[in-house]
Amino acid sequence: MSRPDLRVKLGGLVLKNPVLTASGCSGYGAELAGLCDLGKLGGLCTKGLSREPRAGNPPPRIRETTAGMLNSIGLENIGMEAFLSEKVPALRGLETAVITNLFGTTVDEYATLCEMAEDCERIDAVELNVSCPNVEEGGVEFGLDPVMAAKVTAAARRATKKTLLVKLSPNAGDAIVSVARAVADAGADAVSVMNTISGMDIDVARRRPWLARTTGGLSGPAIKPIALRMVHLIHSEVAVPIVGIGGIRSWEDAAAFLLAGASAVQVGSACFSNPRAPEQVLDGLIDWLAGENARSAAQMVGALRTGPEAW
């Protein structure tokens, strides 16, 4: 049988395959270049970028946990202007899509960042991190309220013609479906599901939190079942492509996300222990699709068997 068609369409962007790196786990893109063949992947997603540079949170800000990792980096980054002038040149020869993850604390900040991205030809898409506090609305996460999430998305849509993804917050619980529907109606081309889950860990001997800011975001294999459920819920209710995120470290994990309804996946924290994880996931996914006699990766999206007949 011929090689399956791996292409994935997200809005106007066509990825050559469904495997990407996740924001925050591969720096600004080039950091993994000597350790992983990024050109094989469908795309890479940069760490979160803000309008101005951010120093992030004080250490300690990373804690390995059972089947996962807590981080309280605090969205440290060099700022959008420095990214465009200092980091983008290193990405120009890379034969894969570049997605910039953007965040702000006001609707106008998101719009400004999207305008800056619009002028950069090397940026193929933008991904909005809405798990951030809206300082104009009392510090509530944009991603917890469908109305606020839609406002951010609509402003971003007006500011850029590039493919627009919105990365949803699991802290919305089952309301994540309403948020997904709201951002899709506001102009999002796809949703990324999901961001980290709020958590904490305690150093019992010292009776202190392991993280300086007490809590952080939990990622890794521990959150995969939650992420799969949220992908499945959204796929069942909202007609928008989904990029699945959460604990993906093997082709089996990636295949599970496709079956649940994701059109593509992002490999994140696995890169810290195995920088080649994204390309290994892709290789295994190709073999799986061939073994299933699938004509394309798209054929397996949402192909989960449920109900009595599945048993």
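The values are calculated or read from the model by the stated rules, or taken from the named source; none is laboratory data. What you see is a predicted model, and the numbers here were worked out from it, not measured in a lab. Cβ coordinates were reconstructed from backbone atoms using ideal geometry, including for glycine residues, and neighbour counts include every protein chain displayed.
Observations, loosely collected:
- Just one residue in the set G68, G43 is farther than 30 Å from T160 by Cα, modelled with pLDDT of 95 or more and within 17 Å of the chain's Cα centre (by Cα); that residue is G68.
- All of V147, V126 fail the test of being β-branched (V, I, T) and within 23 Å of I73 (Cβ to Cβ), apart from V126.
- L35 being of a type in the set (A, V, I, L, M) and in a loop (DSSP other than H, G, I, E, B): yes
- Selection status of S273, more than 15 Å from the chain's Cα centre (by Cα) and free of Cβ contacts under 8 Å to residues at least 24 places away in the same chain: yes
- Here the condition is being under 25 Å from A150 (Cβ atoms), hydroxyl-bearing (S, T, Y) and in contact with a strand residue (DSSP E or B) (Cβ under 6 Å, 6 or more places away or on another chain); of S263, S219, S269, it holds for S263 alone.
- The criterion of at least 3 residues that are surrounded by fewer than 17 Cβ atoms within 10 Å (Cβ to Cβ) and either among the small types (G, A, S) or at pLDDT 95 or above (or both) is met, among helices (runs of 4 or more DSSP H) falling completely within the stretch 238-311, by 277-291.
- Residues that are among the polar types (S, T, N, Q), buried (at least 18 other Cβ atoms within 10 Å of the Cβ) and either in contact with a helix residue (DSSP H, G or I) (Cβ under 7 Å, 6 or more places away or on another chain) or not in a strand (DSSP E or B) (or both), drawn from the stretch 64-78: S72
- Contact map, the stretch 117-143: first residue at positive phi, second residue surrounded by fewer than 23 Cβ atoms within 10 Å (Cβ to Cβ) and outside any loop (DSSP other than H, G, I, E, B), Cβ cut-off under 7 Å, separation 6 or more or different chains; pairs are G139/P133.
- Some residue of the stretch 223-230 being within 20 Å of the chain's Cα centre (by Cα) and not in a helix (DSSP H, G or I): no
- Scan of the stretch 158-188 for residues that are of a type in the set (D, E, K, R) and crowded, with 18+ Cβ neighbours inside 10 Å, ordered by number: K162, K167, R181
- Filter result for L233 (closer than 19 Å to L285 by Cβ and assigned to a helix (DSSP H, G or I)): no
- Condition met for D253 (closer than 24 Å to L13 by Cβ, of a type outside the set (A, V, I, L, M) and out of contact with any Lys or Arg (no Cβ under 6 Å at 6 or more places or on another chain)): yes
- Hits in the stretch 136-165 - residues which are among the aliphatic types (A, V, I, L, M) and within 19 Å of I99 (Cβ to Cβ): A149, V152, A155, A156, A159, L164, L165
- Filter result for V147 (at pLDDT 95 or above, among the aliphatic types (A, V, I, L, M) and touching a helix residue (DSSP H, G or I) at 6+ places or on another chain (Cβ under 6 Å)): no
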